[in-house]
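Take a look at the structure set out below.
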Amino acid sequence: MKTFLVLAICFVAAQSLTDEQKERLKKHRSECLAETKADEQQVNKLKSGDFKTENESLKKYALCMLIKSELMTKDGKFKKDVALAKVPNAADKPVVEKLIDNCLANKGNTPHQTAWNYAKCYHEKDPKHSIFQ
């Protein structure tokens with residue numbers, strides 16, 4: 001079930017996370033914390049939109065979450081077609097696509113930086129559907 005990916009980054013503000021989707025994000029979070037060695041307290045701050053701390057492990061964590069959500073490749077290429085396919089209401093796709101495009105405009109010079117920039121932007125614009133739940 002990949003529908004939870006919409007929640008991770010590309011969703012509609014009115015949608016709520018299902019219990020299954022929340023569990024998947026928890027699993028991804030746990031795996032990404034272990035893989036990236038990101039500081040859990042710093043990751044927790046991201047939930048509330050505190051992006052003041054910017055370091056390589058947090059950037060790698062953002063990329064890891066996007067990869068596990070199948071929204072980005074390891075080389076930092078965002079899978080917009082996959083993300084849009086996950087939007088449950090077709091009428092919402094233009095709004096989501098515009099948000100995605102706006103957030104992808106600030107590419108970084110590494111996949112980690114691109115993921116960080118995207119996740120930060122999306123969280124600022126739609127915190128209810130951030131990968132940092």
May I ask you to compute the full-extension gain from Glu97 to Glu23, defined as 0.36 nm times their residue separation minus their alpha-carbon distance, rounded to one decimal in nm?
24.1 nm
Kindly provide log₁₀ I(q)/I(0) values, in the same order as q = 0.20, 0.23, 0.26, 0.33 Å⁻¹, from the Debye equation applied to equal alpha-carbon scatterers of the range 81-125.
-0.65, -0.80, -0.92, -1.11
What's the extension gain from Asn55 to Thr73 if we count 0.36 nm per residue and subtract their Cα-Cα distance?
4.5 nm
Give Lys22/Lys68; Lys27/Lys93; Lys60/Lys107; Lys80/Lys120; Lys86/Lys120 a once-over and call out the pairs whose C-alpha atoms are over 22 Å from each other.
Lys27/Lys93
Could you give the radius of gyration (one decimal) and Dmax (whole number) of the Cα atoms in the range 19-129, in Å?
13.5, 40
Please calculate how many Å² of accessible area the range 29-125 carries per residue, with a 1.4 Å probe and no DNA, RNA or ligand atoms counted.
53 Å²
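The values are calculated or read from the model by the stated rules, or taken from the named source; none is laboratory data. All figures in this text were calculated on a predicted structure; none of them were measured in a lab. When the accessible area is computed, the model is the full protein with side chains, heavy atoms only, and any ligands, DNA or RNA have been set aside. Shrake-Rupley method; radii C 1.70, N 1.55, O 1.52, S 1.80 Å.
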